[in-house]
Amino acid sequence: MTVRQLDKTGKAMAQVAVATKNRPTGSVSGENFAHYLDSFAEVAGSETATTESGITPDEPSLRQKHEQLRSAGDLLDSLEALESGLIQPSEEGSSGVRERLRESRDQALRTLSDSPNRGAERDLLHRTAVLATVELAKSERGDYVSS
């Protein structure tokens, strides 16, 4: 399915949208998310084929999109670990979980700085990095301490 969207110059841009009946019914997380991304990359083809299809040079390459989605997946896994640690505190403590989230967030920010300023994958990664930053600040400030 293709969705047409107008950019600021008024010309139509084709974007791929996923039909809801083709989505897996369960959530995709952890290692399954990485396999899902790998299968996405295989189906989409090589960067050469993408360039020949008419995507402009300032568009992110397939490799960049894949890296952005992988970073977003790592951030979501770290956020899920933070949530699990808040529900059932572990012996490791929240400092290890926060450190993992901080490292994932920093990696995502490096990925964002190395990528073009366009694309849905970049927007997803940017929003997830903002969410991770907010959750880190809230957990370090003590908002989640039970009374």
With every protein chain kept in place and ligands, DNA and RNA left out, what is the accessible area per residue of segment 93-143? Probe 1.4 Å, answer in Å².
58 Å²
Using a simple spin-label model with points 7 Å from Cα along the Cα→Cβ vector, what separation in nm is obtained for Ser61 and Glu83?
3.4 nm
Charged-residue dipole, Cβ positions (Lys, Arg, Asp, Glu), segment 74-147 about Cα centre, Debye nearest 20
340 debye
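Can you give the Rg/Rh ratio of segment 84-142, where Rg is from the C-alpha atoms and Rh is the Kirkwood radius? Please list the in-between numbers first.
Details: Rg = 13.4 Å, Rh = 12.6 Å.
Rounded to two decimals, Rg over Rh is 1.07.
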Report the label-to-label distance for Glu99 and Arg141 in nanometres (one decimal), using points 7 Å from each Cα along the Cα→Cβ vector.
2.5 nm
Within the accessible area of segment 83-130 (1.4 Å probe), percent carbon and sulfur
46 percent
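The values are calculated or read from the model by the stated rules, or taken from the named source; none is laboratory data. In this text the structure is predicted, and so the values were computed from the model without any measurement. Glycine also receives a Cβ, built like all others from the backbone with ideal geometry; neighbour counts cover every protein chain displayed. Each accessible area value is taken on the protein alone, full model and side chains, heavy atoms only, with ligands, DNA and RNA left out. Shrake-Rupley method; radii C 1.70, N 1.55, O 1.52, S 1.80 Å.
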